[in-house]
Structures are given as C-alpha cells and as structure tokens.
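A quick write-up on the structure given underneath.
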Amino acid sequence: MKLKQWIVVALLLTAARISVAQEKGVMFSGSAVKADLEYLYHTLEDAHYNLYAYVSKSKYDKMYNTINQSIGKDSLSQLETIKLFQRLAAAGNVGHSEIDFPVQAYIAFARGGGALFPLELAFENGKSFIRKNHSSTPNAAVGDQVLSIDGQPIKKIQEAIHPYLSAERLYFKNAKLEFWSFPRLYWSVFGEKKSFNVTLKKTNGRTENLKIPALPVMEYETKRGGEILSIEPSFKYMGAAAYLNPGPFSSQEADGEARFKAFIDSAFADLNSKAVKNLVIDLRNNSGGHNAYSDHLISYFATKPFRWYSSFKLKTSKVLKEQTRKNTPEAKLDDYAKAILSHQDGEKFAYDQPFQNPAPEATRFKGNVYVLVNRQTYSMAAVSAALIQDYGFGKIVGEETADVPTLYASQFSFTLPKTGVTVKVPKGYIVRPNGNEALSGVKPDVMVRDHLLDDEDEILHHVLNTLLAPNSPLR
C-alpha cells in the first residue's frame, strides 16, 4: 500500500470503524475475554476447513488451556486481549486463520506520544538485515546484520513474535514480520522502550554496539512512507519490454472489478498495437484477492482454457451461513452462496467453477511473458503465479513465495460477541492446477534474490538486463 506519511494507519482505523477516542479507554473484563476465547476456539473448530491440518487436536487443546489459564486479571486492555486471541488463531499454523495487527491500540499509542524501534529489518537466509534506518544514528547502515537488541539475540526475538503470526512455515512468518513491520510487532510483543542497545555485524565483518533512541510513531510512519503491498496499477514500456503491475485482485469499491478489467483491457489493447515481444507482469507485494480479476488478466496471454485450481472444496458452518445471509440479500444470492446455504453445517463439498477461455485471438498477447514474484506475493496472486507456471503460460522470475498455492483459504470473517474482535478463517481447501499438495511456495523458473525494502529492484533488473539482454537495456 503505497500511502504517504502515516495516513495508512488512519485508513486502517477507518476500515475498522472505530475512533481513537473510543479505543483509548477500552478495557475488557477477564470473564468476557475468557468467554470470547472459548467462543473463538469452538467457532474455529466449526468453521475452519481443517483446523488440525498441521497441529494435532491435543496440542491445540493444550494451547487453549495455557492461554485460558494465563488470564488472571480482572481487566485486560484491547492490546492484551487481541494478543491472546492471535496466539490461539495462529496456533494451527494456517496463514488464512488469523487476527490482524491491533491497529486501534497502535493508533492510541501513537497519539499518546509512543515511540518505536527505528530500524526496518528484512529477514533473508536466516539472518536479519537493516534495510532502512529511520533513526538519527548514522552508524546503523543499510546492509548491516542485526545480531541482538538489548542483549537478546535477534532469533530469540523472532521466536517470541512468531506465535502471534499465522503462517504455514517459518519463511512465511518472517515474511509477515516484514509485512506488518518489525518495529510495530516488536512494540506489540515487548512494549515501549525509550532506547535500544543494538549489536550489529557490519558489512566488513566488524561487530559494533550502538545505543539507538526510539522514534516517535508519527515520525516513523512518515519516514516509512507507506506499506509493502502495492495497490496502484501501472503500465509502461521499458526498452523492448512492456511492464504491467495489475495491482491487487480485489477492491472495496462497488465498481472495482469493472475498473480493474477496463484497465487490463486498455493495457493489452495498447500493447498489441505496438511491436512488443516481451511482457513483464509484476505480482510482487500483491495481496491477492478474487479469481474474477486474475482470470481476466491471464486470459490475455493464455493459450488454452484454464482454471485456478485442480481441486476446490468448501466447508459450510452455522457462522458462515449467518455471514452469507447478512452480506447478501436473498434475491442476489449466486450459485456459490446457494451452495454454502444448501449444505449441512460441518459438511465439506467440492465446488466447481467453469474453465476460463483465453481472450479472443485478435486481442491476445502472443509474445514472451515474465511474471515477477517474491515472498510478499500472497493468496490469489501466488495461486495465479502457480497457474501460469503449471499451464506454461509464462516464465516465473524472482524468489519463492512465502504463501503457498495449495492452501486452506477462501477466507471469511466473524466477530467475537463480547470484545468485537474480528477473526478471519479459511472455509476452503485449494489445490494448485498441477495437483501438487506439497507445503511449498511457488518456486520460480528463474531464481533471483530480492533484498526487500531497499531501493534496488534486483528481480526486474535481472529480467531487463539479463534475460532480455541485449535487446532491452534498462532505462
């Protein structure tokens, strides 16, 4: 989300429909939190397609009991409450079973003059590197490896944060740690600190200890300049190649799908009017969304009918039916909603969608297609990359996606009755088009390491300057 200054936080607040004034004094009784914890666990069991896919019921029960017994206070803050629920939702190691970062508590903290760890970190090859230094301490340089903070090894810090992040793999948890940002998550888990004693391994191999003051949240958000995810679509020409970033495959606007399709139609019409043989499609830092968007894009370079899955199954439940009826008037129920409502609670069933045909011959792009991915390629964006790879529609370039294309997804939300916390849960199981059910990300045909958060674009540069050289010099 390329939003300027700290307005991204304000927008998240608006989406949550709560004011800072409301949040600042919000407290929940211990009994209310325990009641919602029990409701959360039972509802996850009922609504999640397979809550025990990666963790046994006995281990999940143990986690529930541990969290429940830890609630010893009569009153808990919203931050404390959400963290308890996050741990339970994340215990099954399923990326789409989650509770988001506590934005309202974070904004109240910001308005109260709170301050954060000022170094933006990226997690690559088992190490932690500074990718942006927002502090006034110049010796903490981009590329330096962070070894410890306040005497605690960085790996131990990661291990303390990971239980709050829902993900199938460690690689995915670290990607989410980058996505939400290390400074924010460090605060949510460890609380506020006024300064930090940081041990670095410099790029020359030398170790250095620095005392770095905390940075006010408002200043941090301003310097950060926006989120990792990309929301702005882009189409342009780079030498002998066309570059297309479609943006996310979703929209909050009523006409969002129509506008997305119009943009794609326009891009390919312009592309086909020129003698361009190479198309670069950028799915990096993409949140995913709905296949109605991605199918339309892919149809322009598909060579045969396609479908985004080899198997797609759903599980219906009481809470899912309630949400379906709430969100869709009966007169507007489509086949998908009707299928959810017509099956028994707890029943799992296959749901088939028709194959998508390629665009008409005259409008189709027939050149070379290169699809860029990285560890921040999520959900339907990762599924789309797998589709393109499995059908042979293009070459995938970049690094392995953290999210997996065979996954528990088709996410929906429900609200905890006492605290109002929103929970996201996967109601479906999707198998990538080639039928591979391995717990693995999309592995590119051409691997290129992405030093995320810095100013270099290693993956795009590799396509333009190596794969397309000498025909397409970067300019």
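The values are calculated or read from the model by the stated rules, or taken from the named source; none is laboratory data. Values in this document were obtained by computation on a predicted structure and should not be read as measured data. Glycine also receives a Cβ, built like all others from the backbone with ideal geometry; neighbour counts cover every protein chain displayed.
Here are some notes:
- Yes/no for Leu88 being touching a strand residue (DSSP E or B) at 6+ places or on another chain (Cβ under 9 Å), surrounded by 14 or more Cβ atoms within 10 Å (Cβ to Cβ), outside the structural domain of Lys315 (by TED's automatic domain parsing) and part of a helix (DSSP H, G or I): no
- Of the residues examined, Val280 is not one that is surrounded by 16 or more Cβ atoms within 10 Å (Cβ to Cβ), in contact with a helix residue (DSSP H, G or I) (Cβ under 7 Å, 6 or more places away or on another chain), among the hydrophobic types (A, V, I, L, M, F, W, C) and more than 28 Å from Val463 (Cβ to Cβ).
- Subset of region 229-259 [among the hydrophobic types (A, V, I, L, M, F, W, C) and assigned to a strand (DSSP E or B)]: Phe235, Met238, Ala241, Ala242, Leu244, Phe249
- Considering the conditions (1) out of contact with any Ser or Thr (no Cβ under 9 Å at 6 or more places or on another chain); (2) assigned to a strand (DSSP E or B), Gly226 is excluded by exactly one of them, (2).
- Of residues in region 134-181 being of a type in the set (D, E, K, R) and either assigned by TED's automatic domain parsing to the domain that holds Arg284 or over 13 Å from the mean Cα position of the chain (by Cα) (or both), the one surrounded by the most Cβ atoms within 10 Å (Cβ to Cβ): Asp144
- Taken residue by residue, region 121-133 has at least one member that is modelled with pLDDT of 95 or more, β-branched (Val, Ile, Thr) and surrounded by fewer than 22 Cβ atoms within 10 Å (Cβ to Cβ).
- Answer residue from region 303-318, given it is of a type in the set (Lys, Arg) and loosely packed, with under 15 Cβ neighbours inside 10 Å and is farthest from the chain's Cα centre (by Cα) among those: Lys304
- Qualifying residue in region 442-450 (condition: at pLDDT below 95 and out of contact with any His (no Cβ under 7 Å at 6 or more places or on another chain)): yes
- Members of region 33-46 found to be of a type in the set (A, V, I, L, M) and in contact with a Pro (Cβ under 9 Å, 6 or more places away or on another chain), listed by number: Ala35
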